[in-house]
1. Compute the relative contact order of the stretch B:2-248 as a whole-number percentage, counting only Cα pairs closer than 8 Å that sit 6 or more residues apart in sequence.
2. Which angle from 0 to 90°, rounded to the nearest 10, does the C-alpha axis of helix B:221-243 make with the longest principal axis of chain B?
3. Give a residue-ordered list of calculated ³J(HN,Hα) values for the stretch A:168-173 (Karplus: 6.51 cos²θ - 1.76 cosθ + 1.60, θ = phi - 60°; whole Hz; x for Gly, Pro).
4. From the cross-link list A:Lys102/A:Lys143; A:Lys75/B:Lys106; A:Lys135/A:Lys171, which pairs have alpha carbons spaced over 28 Å apart?
5. Answer rounded, prolate or oblate for the stretch B:148-249, using the Cα gyration tensor with square roots of eigenvalues a ≥ b ≥ c: rounded when a/c is under 1.5, else prolate when a/b is larger than b/c, else oblate.
6. According to a simple spin-label model (label point 7 Å from Cα along Cα-to-Cβ), what is the distance in nm between A:Arg337 and A:Arg283?
7. Mind jotting down the distance between the C-alpha centroids of the stretch B:25-85 and the stretch A:172-215, whole Å?
8. Through the Karplus equation 6.51 cos²θ - 1.76 cosθ + 1.60, θ set to phi - 60°, convert the phi angles of the stretch A:63-68 into ³J(HN,Hα) values in whole Hz; use x for Gly and Pro.
Amino acid sequence: MQRALPDRVGGRPEADASPCKEREPPMIIQADGLRKTFTTRSRKGTQTVEAVRGVGLEVKKGEIFGVLGPNGAGKTTTIRMLSTLIAPDAGKALIAGHDLLKEPAAVRRNLGYVSQAGGVEDTTSARAQIVMAAKIHNVTDPKRATAEVLERFDLTEMADRPGRTLSGGQKRRVAIAIGLVHSPPLLFLDEPTTGLDPQNRANLWERIRQLREAGTSVLLSTHYLDEADALCDRLMIVDHGEVVAEGTPGDLKREVSGDVITLRADDLERAADTLKPLARETRVDEDVLRVYVDDGEHTLPALLRALEEQGIGLSSIALDRSTLDDVFLAKTGRTLRDAGADS
Amino acid sequence: MIRHTVLFTGYELKKSFSNPVWPLFGIMQPVLYLLMFAPLLKTMTPGGTTVDALRVFTPASMMMIAVFGSLFSGFGLIAELRNGSLERYAVSPAWRPAIVLGRVAKDMVVLVCQAILVLVVAIAMGVRIGAVELVLVLLLMAATGLFASGLSQGLALTVRDENGMSQTLNLFMLPIMLLAGLFVPISFAPDWMKTLAPINPLYHAVEAGRALFAGRLSDSSIPVAFGLFVVLAVLTTIWSMRSLRRIAG
C-alpha cells in the first residue's frame, strides 16, 4: 500500500514522462459518447431526466479508475450501461475487447459487478451464493474457487451463516467475493463503501488495492473525495451527467494549484482583490475566501503582509494541500458537499 | 439454457428447504383443509358421507393450493429486487429467463409434493380414484400452478412493492375463490353467481377436478379446463420472463 501512493505525497509525476509510452497497456474499457435519458410518467405528466450526457472514458488494464461525483451525477447510470444492465441511448463502448452493444454476453462473461445494494441474499448462506455465482460463470471447480475467495476476504468463519445475520462490512465483503469468484479481468464497484464505518472503509480500501496487485482492473464510483484520492490511479469527475475533469488525483490537484489558503476576514471582497496578484485564483465562498497558490508555505508571509498593509482584519487562516473538492469547486463552482445536498 | 434453468431451480429449492419448517407448514396446510373442512362440508353433500364430501372437496383443495400457494411466490422476487441480487444475476452470463423459470419450476416441485400428500390423505380417508384420472388431476393442477406462479412473478416484477402486491392479490382472491365454487359448490349459488362463474378460469379447473374424482372421464369440463390453463400458463410464463427486462428501470 505504501508503493501505491507515490504521486500524491508530493513526488514527481513519474508516469507521464516514462519512456515506455509506446508499450502502454491496452485498454480494458473504451467508452465514448454514452448517453441515457430516463422518462418517468406520473400523474403530473411526463418528466425526462438526462442522467448521462455524453460520457467517455478509458480504463487501462490493471488500474483502478474512479468515477467521482455527487449523488445524481450519473455515476450509477454510467456503470449500469457499461455492465449491460441498461442500454445506452447513444454512444459506444469496447469492454475487455468486446462491443458492449453487439456482444453483451461476451461482456458479461468478463466482468464482475457489485451494485450499490450489494446483492447479498438474506436467507441463503454466503457460501451458497458464491458457489451459485461460480456455477453460472462455468468455473471449473466452484467449491474450491468459493473456498479461496472466502479465505481471501476473511469470510470463512461466517461462510455458512445466512446473509441477513452478517454485519454491513461483512456483507460488503461477501458482495465483492461474489463478484470475484470467477476471477474476472474487470470489476465494477458501485459506491463500495457507502454506509460503512471508518474502520470497515479502511479495511475495504486495503482489499481493493490488493485487487490491483492481482491484476484486476477496477471501475469504482464514489461520492467520497478521500476514497477517490486514496484508491484511484486515475479518475474522472462527473457532474450533471457530464465529465468535468479527468486525470490522476495528483495531476488534477496540481492543475487547480498546489495549496489552498482558507481565510476569514472582515472584508472578503477587498481581501480577494488584494491577494489576486499573489494567487493563481481566489474564490469567495459564503463567509470564507479561498486563495489557490502553488507554494503555500512561501506565499503565506507575503499574503499576511499584504493584508496588513491594506488594514484588513483577519479572524482565521488555514493552509491545506488542495483536495479533489477544490478540483470539483474549480470545475463546477460548487463544493461536492453542496452538490450532494441539493440533489 | 436448460443447464441454467436446472441450476436456478436447484438453488431456489435449496433456499426453500434451508429452513424446513416453512415448507412443512406449506405442505401441512392442504392436509389441514381436508381434515377440518371436509367434515363441515359433509352436511351439504348429497349422500352425506365423509367420502362423498371428500370427493367434492379434494379436487377443490388441490386447485386451491395450486393457485394460492403459487400466487405468493412472487414476494421472493421483490425482496431480491431490493437487495440487488436480481440485478446481479441479470449482469451474469445466466440465461435470463432461467432466473424466473427456476422459481416457477421450484413452485411446481413444491406443488407436486403437496398434491401427493393430499392424495395420500384423501385415499387414506376412503376416497378412490382411477390411475388415469389421478394423472390427469395432477397434470391439471400443475398447469393451474404454472399459471399462478407465472402470474405472481410477472406481477412482482411489475408492481415491485410488497404492499401493492399483497393488496392486489387480496382484491382478486375472494371473488376468484367463491366464484370457483372452491368451498361451496357453485350449484348452491344464486343465479347471478352461476352466470358469472364461467368467466372465472378457476371454476373450470375445479369442475374438471370434480369430474375426474367422480370418474366421469368424458365430462366436457375436462378438455375445457386443460385447454384454458395450458394457454393461460404459457401466457403468464412468457409475461413473467419478459417482465424481467424491466428490472433495470
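1. So the answer I get is 28 percent.
2. Once rounded, one gets 20 degrees.
3. Karplus-based 3J(HN,Hα) across the stretch A:168-173 equals x, x, 5, 4, 4, 5 Hz.
4. A:Lys102/A:Lys143; A:Lys75/B:Lys106
5. oblate
6. 1.4 nm
7. The stretch A:172-215 and the stretch B:25-85 have Cα centres spaced 47 Å from each other.
8. Here the 3J(HN,Hα) series is 9, 9, 10, x, 10, 9 Hz.
Where a number appears in this text, it was derived from the coordinates with a stated rule and is not lab data. Fair warning: this is a prediction, and the values are worked out from it, not measured in the lab. When we count neighbours, we look across all protein chains shown, and the Cβ atoms used for this are built from the backbone with ideal geometry, even at glycine.
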